[in-house]
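What follows is a single structure, written as structure tokens, with notes after it.
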Amino acid sequence: MHILVLGSGGREHALAWKLAQSPSCDTLFVAPGNAGSPNRVNLDPLDFPSIASFVREHQIGLVVIGPEGPLVGGIVDYFKEQKDLNFCKLIGPNQTAAQLEGSKVFAKEFMAKYHIPTAPFQAFQRDSLYLGFKAIDAAKPPYVLKADGLAAGKGVLILQNPDDAKRELAIMTNPEKYGAAGKTVLLESFLTGKECSVFALCDGENYVLLPTAKDYKRIAEGDQGPNTGGMGAISPWPEENPEFMNRVTKEILEPVLQGMKAEGNPYTGFLYIGLMVDAAGNPMVIEFNARMGDPETQAVMLRIESDLVPFLEASTRPGGLKDMQLNISSSASAAVVLAAPGYPGHYPKDLVIQLSTEAEKKEAVLFHAGTKQQEQRLLSSGGRVFAAAAKGVNRQEALDKAYSLAKSVAFEGMQYRRDIGYEWQD
């Protein structure tokens, strides 16, 4: 089978790394990929006609979609409309189901309808700012503001001062800030606890659970500084246990699948459930993603022992995942993101990268993200440049290996957090 992965980041490199190990994979393409990708194809993941032409030309049997843009943009629906492409299976939900990520208002209203636990919210637009200001006055800090649509991971603010919250609400609803994504802004109650990432692969009716994870969004140690796309991850979530996972599946995952099926849009593909777990162990949904997370994928893929391709194929058939069991290693894994100086603000590109010849050792993988090859030089091309990922018998060994791998990489101003997993370190 010929397989195409869409995307260019560390998540896509990790997916490609795992898929390439499958006996079913004859040729693996990545579009547009990065310097670590095999068989790079110069295609924009949002250019559906060009992707369809490539699929026809190369008889691609499986398309794995890394980023959210193509899913929210309707790539699954587009391919279904091309009757000559029924030989190709796409991993992901249709456009309506992808609104679980594409619209926070859609997700919140869906959760309310199907009694899925999440924080209370109110939604405001530019012409209802006065009501938004009154709601802020009536609320208690911290104030959580979220742009309704996709905002490249930058549409969430947590503020302590009510005047700051009002000012930011006005800024967020200005079309110059987030465009259509900020047309509606949510004011949400602040949740306390520990964050947890749960991943499932769904066929519209059934699911298999992937390894859990915990990611680290803030740029600086101790979860300080501005939010980023993610600076590291560990797997499993250290407080995972059967009782907790049973609650997540019964109270959240299964109601999502049942609700989506009842709405006429069965959910297929990867589902990311971002949770806040309070001191009593109660899971509350922070957000849904219609795809895998980044950098969680870089840690999660290291712990999946099964061939992933048969599971992906099965997810495209109603009931296809029934009775299938995914083998997950009992080991732990960790990923540490190596970022450009200045990230997540303005950062330079084209930084020359030097890799030690001993860069990758047993159970450690350097996943490329913002990299490119120019002539004989490896250069940076993004804010998050690599993820140093590793597996170990326990979390500390995995972290030690990941940090050892990180030290084999050098470029000017390289920054990374040295406290990934800090809440559970001795």
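Every number here is computed from the coordinates shown, using simple stated rules; none is lab data. As the structure is a prediction and not an experimental result, all values here were calculated from the model. Here the Cβ positions follow ideal geometry from the backbone for every residue, glycine too, while neighbour counts run over all protein chains shown.
Cross-link pairs exceeding 24 Å in C-alpha to C-alpha distance, out of 261/322; 140/250; 146/349; 104/214; 250/322, comprise 140/250; 146/349.
Loop-located trypsin sites (Lys or Arg not before Pro) in region 330-426 (DSSP state other than H, G, I, E, B) with a sparse environment of at most 15 neighbouring Cβ atoms within 10 Å: 349, 361, 362, 407, 418. Since only 186, 321, 204 are under comparison, the one whose Cα sits farthest along the positive direction of the charge dipole of the chain, derived from C-beta charges on Lys, Arg, Asp and Glu, is 186. Any idea what the dipole of the chain comes to, in debye rounded to 20, about its Cα centre with Lys/Arg Cβ at +1 and Asp/Glu Cβ at -1? Approximately 380 debye in magnitude.
Springs between Cα atoms under 10 Å define the GNM used for the chain, and in it the highest mean-square fluctuation of 12, 363, 57 occurs at 57. GNM on the chain, alpha-carbon springs under 10 angstrom: the most fluctuating residue among 92, 155, 102 is 155.
Cross-link partners of residue 217 among aspartates and glutamates, defined as those whose alpha carbon lies under 16 angstrom from its own and excluding same-chain residues fewer than eight positions apart: 195, 287, 294, 296, 419, 423. Between 240, 109, 176, the Gaussian network model of the chain with springs among Cα atoms under 10 angstrom shows the greatest mean-square fluctuation at 176.
Among 135-144, 60-69, sorting by the average number of other beta carbon atoms lying within 10 angstrom of each residue, highest first, gives 60-69, 135-144. Evaluated with a Cβ-only charge set (Lys, Arg +1; Asp, Glu -1), region 194-424 carries a dipole of roughly 480 debye about its Cα centre, given to the nearest 20. Here 111, 1 are placed in order of increasing Cβ neighbour count within 10 Å, fewest first, which gives 1, 111.
The Cα center of region 192-233 and the Cα center of region 364-392 differ in position by 21 Å.
Fewest-first ordering of 171, 420, 328 by other beta carbons within 10 Å of each residue's beta carbon gives 171, 328, 420. For region 256-297 versus region 305-336, the inter-centroid distance based on Cα atoms is 17 Å.
Each of 385, 124, 28 was placed along the dipole of the chain (beta-carbon charges, centred on the mean Cα), and the one lying farthest toward the positive end is 124.
Each helix, a run of at least 4 DSSP H residues, gives -39500 (n - 2.57); summed and divided by the residues of the chain, these come to -7500 deg cm²/dmol at 222 nm. The lysines whose alpha-carbon is closer than 17 Å to the alpha-carbon of residue 89, local same-chain residues fewer than 8 away aside, are 80. Return the FRET efficiency for the residue pair residue 158, residue 374: r is the Cβ-Cβ distance, R0 is 51 Å, and the value is rounded to the nearest 0.05. With R0 = 51 Å, the Cβ-Cβ based efficiency is 0.85.
From least to most packed, judged by other beta carbons within 10 angstrom and beginning with the fewest, 355, 71 follow the order 355, 71.
Rounded to the nearest 20 debye, the dipole magnitude of region 71-156 is 220 debye, with +1 charges on Lys and Arg beta carbons, -1 on Asp and Glu beta carbons, and the Cα centre as origin.
Taken one residue at a time, the phi angles of region 214-223 give Karplus couplings (6.51, -1.76, 1.60, θ = phi - 60°) of 9, 10, 10, 8, 6, 6, 10, 4, x, 6 Hz. Gly and Pro are set to x.
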